[in-house]
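K.L.:
One structure, as structure tokens, below. Some questions next.
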Amino acid sequence: MATQIIGSTVKRREDPRLITGNGTYTDNMTLPRMAYLTILRSPHAHARIKKIDASKARAMPGVLAVYTGNDLKNGGVNPIPVGWVLPDIKIGPHYPLALDTARYTGDGIAAVVAIDRFTAQDALDLIDVDYEPLPVVVNAEKATQPGAPQLHPEAANNIAFYWKIGGGDVERALAEADGVIKQRLINQRLIPNAIEPRAALADYQPATGQLTLYNTNQNPHIIRLLLALVLGQPEHKLRIASPDVGGGFGSKIYLYADEVIACFASKQLGRPVKWTEERTENYKATIHGRDHVSDVQIAYKKDGTITGLKVKTYANQGAYLSVFAPLVPTFLYGPMLQGPYTIPNVFVEVYGTNTNTTPVDAYRGAGRPEATYLLERMVDLVALELKMDPADVRRKNIIPPFLNGVYQTCMAYAYDSGDYAGNLERALTNAGYVELRKQQAEARKQGKVVGIGISTYTEITGAAPAQVAASLGAAAALVESALVRVFPLGKVQVMTGSHAHGQGHETTFAQIVADQLGLEVEDVEVVHGDTDRIPYGAGTYGSRSQAVGGAAIYVATQRVIEKGKKLAAHMLEAAEADLVFEDGKYSVKGVPSKAVKFTDVALEAYWPRKVPADVELGLEATAVFNPSNFTFPDGTHVAMVEVDPDTGKVTITKYVCVDDVGKVINPMIVEGQIHGGIVQGVGQALWEGAVYDDNGQLLSGSMMDYALPIASYFPKFETSRNETPSPVNPLGAKGAGEAGTVASTAAVANAVMDALKPFGVKHIDMPLTSEKVWRAMNGKL
């Protein structure tokens with residue numbers, strides 16, 4: 001029996017080229033006659049553009065063109081579309097360059113194309129813009145109040161959408177409860193910090209009408225669709241090629257204004273045009289994440305049973321609705337507020353509001369970290385009020401195992417599989433929870449400030465099925481396609497619509513195929529990221545790559561095996577029905593010695609000697625995978641912290657987690673995903689936060705002012721898995737890329753609040769910085 005490759009640790013095949021500096025990123029690329037694009041951005045958060053004088057910039061030697069918003073509009077450029085359309089949504093048009101009003105600090109006003117990057121940058125200083133500053137609003141709730149500045153005439157009171165969902169009777173639950181806790185919770189705004197800034201290189205060929213855009217993105221086919229709509233460029237004359245991508249975390253899903261401008265300029269000038277983002281631009285012009293203000297009521301009984309949850313959330317959408325922004329605080333957030341619990345009555349209403357800030361969209365976790373943080377903080381407040389152990393409140397309300405069926409929530413979604421109680425108990429056991437509580441009590445006697453936090457979670461991943469997504473507002477089919485092609489000598493090429501930006505697809509996808517065909521992983525090449533080479537796919541985000549993209553590859557591989565069986569039957573002079581395929585060989589049932597290798601079948605497919613003329617030759621197959629449901633990873637994380645009483649500094653001393661991400665293809669890669677997710681989630685809990693002043697200026701506009709976590713801040717993570725395969729796809733996979741982020745924010749926040757309990761502190765909003773914690777301990781908040 002050959003070694004099973006699925007479930008085995010295989011070193012990432014991508015890493016040698018990436019860690020030795022031999023990767024190819026968009027900014028590494030150079031084309032003949034390439035010009036450079038820079039963008040003049042508004043210094044005002046809200047201002048009327050009275051006049052733009054670009055005459056000096058146009059006259060500067062080396063400048064090829066200067067464009068304004070009206071130049072693009074008159075040239076046929078349309079507003080950037082919103083790709084998730086809710087009922088009665090109000091969309092203020094987002095042109096790539098502002099026409100008459102700047103709506104946030106960083107809004108594009110004019111663009112310069114020059115023969116080199118330095119000339120293009122210098123020419124920006126020669127553009128004279130006459131601004132009339134207007135009143136500013138940056139807070140999601142204040143934007144809806146009477147007298148607030150209005151950003152778009154289409155959205156009265158700055159409300160782009162109002163959305164609600166509920167199950168049960170929450171008002172009755174609140175009325176009949178033994179107790180109700182009310183709490184305002186703020187989930188602060190975050191700034192994505194992928195190691196590679198965004199970049200675009202547009203290359204238009206006037207002779208053929210072909211436009212190629214090389215750029216840093218997570219979903220080439222979606223970018224092609226959106227760009228075709230904005231430019232009016234036929235899709236068959238539009239190629240999106242995304243080479244190596246240095247991280248994304250959701251921030252590279254969208255079609256951005258900068259990319260549109262580069263394409264427009266290339267078409268106008270008939271030469272390649274490159275734009276590369278500076279880090280300060282990244283902070284202002286690349287999407288932000290989170291930014292919720294929520295008023296929460298939770299109803300409970302004296303024994304700790306939670307009977308109801310009512311939530312009103314103001315979700316800051318920024319100055320314009322980004323491509324998938326309306327999805328995040330609605331279907332990725334609201335229905336997940338039941339979480340892993342048997343809460344029978346839940347209601348949430350969401351106001352998506354426009355403000356004079358950078359647009360907000362999906363950022364690692366996208367809605368699920370917001371839901372989990374809200375729910376887990378409220379569960380801890382119930383425990384505090386009842387003087388119960390937080391673990392016991394969770395035990396009281398946890399959903400029982402449902403390994404062979406689904407669990408229907410009161411919030412529309414049906415969870416696919418899970419052992420939530422098992423996750424909780426295993427995590428508590430692995431952490432030595434009972435002993436930790438004893439250590440905490442002893443530490444407090446010694447004057448130490450120590451806390452323990454728990455976070456139980458479930459999240460929604462594997463974005464699809466297509467019909468359901470379309471009914472919820474998706475403007476594109478959320479399916480994945482794959483083509484598996486076997487060459488005559490038995491090597492395999494896999495073309496997938498999923499696109500990697502750090503996940504290790506070139507390894508895990510190769511493992512799926514090698515495992516099924518009985519080949520070595522090295523015999524399988526994975527191709528992705530180029531719309532001219534790969535079949536349609538919705539891309540990589542929402543932890544969907546294995547559950548949807550990997551499943552498509554699995555199905556296509558099975559079809560290759562079935563086609564090979566027809567060829568093998570002739571080679572073995574046996575009936576097709578009598579053949580079995582195992583360990584890379586076709587053999588006759590009961591006669592294992594009568595067999596033919598898969599590699600020999602591959603050669604026969606291209607050099608037929610025994611196969612008759614009526615059998616189709618070649619050996620490849622395609623598949624489009626459209627799952628029947630979403631997938632729902634789950635787990636429990638436990639954190640222990642110590643707070644310095646003199647400075648308020650929080651140190652994480654222990655971190656233990658148990659995650660169920662379904663069937664695991666490569667344990668090492670999953671482990672890396674969990675580690676990275678934990679760090680990103682803890683970053684929000686303790687350090688990160690985008691801050692605007694009342695004038696809409698981004699005060700945290702660089703790494704000097706926006707604190708990011710570093711490795712030395714963390715202990716060794718103690719991870720383990722509790723696999724319950726998902727019935728939604730043939731791999732049994734759920735999704736691992738965001739689990740750590742979903743769980744860790746609440747776990748660490750709860751641990752800090754537990755540490756501060758002796759000081760009478762019930763809640764502090766994130767980030768829990770040293771200063772904020774010190775002030776809370778000293779009654780100065």
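The values are calculated or read from the model by the stated rules, or taken from the named source; none is laboratory data. Since the model is a prediction, treat every value here as computed from it, not as a measurement. So basically every Cβ, Gly included, is an ideal-geometry build from the backbone, and we count neighbours across all protein chains shown. Note: areas computed on protein heavy atoms with side chains; ligands, DNA, RNA excluded. Shrake-Rupley method; radii C 1.70, N 1.55, O 1.52, S 1.80 Å.
K.L.:
Assuming a strict under-16 Å limit between Cα atoms, what lysine pair count do you get for the range 480-625 once near-sequence pairs (fewer than 8 apart, same chain) are dropped?
P.N.:
For the range 480-625, qualifying lysine pairs total 20.
K.L.:
Under 23 Å Cα-Cα from K312, which lysines qualify once same-chain neighbours fewer than 8 residues away are excluded?
P.N.:
Within the straight-line limit of under 23 Å, K312 reaches these lysines: K90, K142, K164, K182, K301, K762.
K.L.:
Using only C-alpha atoms and all pairs of different ones, pull out the Kirkwood radius for the range 480-625 in Å with one decimal.
P.N.:
About 15.5 Å, per the Kirkwood formula over Cα pairs.
K.L.:
Same structure again: In whole percent, what relative contact order does the chain give with Cα contacts below 8 Å and a gap of six or more residues?
P.N.:
15 percent
K.L.:
Could you run the Karplus curve 6.51 cos²θ - 1.76 cosθ + 1.60 with θ = phi - 60° over the range 340-351 and give me ³J(HN,Hα) per residue in whole Hz, x for Gly and Pro?
P.N.:
Those phi angles translate into x, 10, 8, 4, x, 9, 9, 9, 9, 10, 10, 9 Hz.
K.L.:
Ok, one more. To the nearest 10 square angstrom, what accessible area does R41 show with a 1.4 Å probe?
P.N.:
Here the residue's solvent-accessible area equals roughly 40 Å².
K.L.:
For the range 139-150, just list the computed ³J(HN,Hα) in residue order, Karplus coefficients 6.51, -1.76 and 1.60, θ = phi - 60°, integers in Hz, with x standing in for Gly and Pro.
P.N.:
8, 4, 6, 4, 4, 8, 7, x, x, 5, x, 9
K.L.:
Here are several values of percent of Cα pairs over 52 Å apart: (1) 30; (2) 41; (3) 16. Which one was derived from the coordinates shown?
P.N.:
So the calculated entry is the one marked (3).
K.L.:
Given the peptides 358-364, 61-67, 305-311, 453-459, arrange them by the average over their residues of other C-beta atoms within 10 Å, most packed first.
P.N.:
453-459, 358-364, 305-311, 61-67
K.L.:
Percent relative contact order of the range 86-161, based on C-alpha pairs within less than 8 angstrom and at least six residues apart?
P.N.:
35 percent
K.L.:
Straight-line reach from K445: which aspartates and glutamates fall under 18 Å, measuring Cα to Cα and dropping same-chain residues less than 8 apart?
P.N.:
E435, E642, D644, D646, D754
K.L.:
Using alpha carbon coordinates only, what is the Rg to Rh ratio of the range 382-480, with Rh defined as the Kirkwood radius?
P.N.:
1.15
K.L.:
At 1.4 Å probe size, with the rest of the protein present, what percent of the exposed accessible area of the chain is carbon and sulfur atoms?
P.N.:
Working: 14770 of 28440 Å².
Solvent-exposed carbon and sulfur of the chain make up 52 percent of the total.
K.L.:
Determine Rg/Rh for the range 78-168; Rg is computed over alpha-carbon atoms and Rh is the Kirkwood hydrodynamic estimate from the same atoms.
P.N.:
Expressed as Rg/Rh, it is 1.09.
K.L.:
For n ≥ 4 DSSP H runs only, could you compute -39500 (n - 2.57) per run for the chain, divide by its residues and tell me the 222 nm figure to the nearest 500?
P.N.:
Value at 222 nm, helices only: -8000 deg cm²/dmol.
K.L.:
Modelling each spin label as a point 7 Å along the Cα-to-Cβ direction, I'd like the D532/Q210 distance in nm, to one decimal.
P.N.:
0.4 nm
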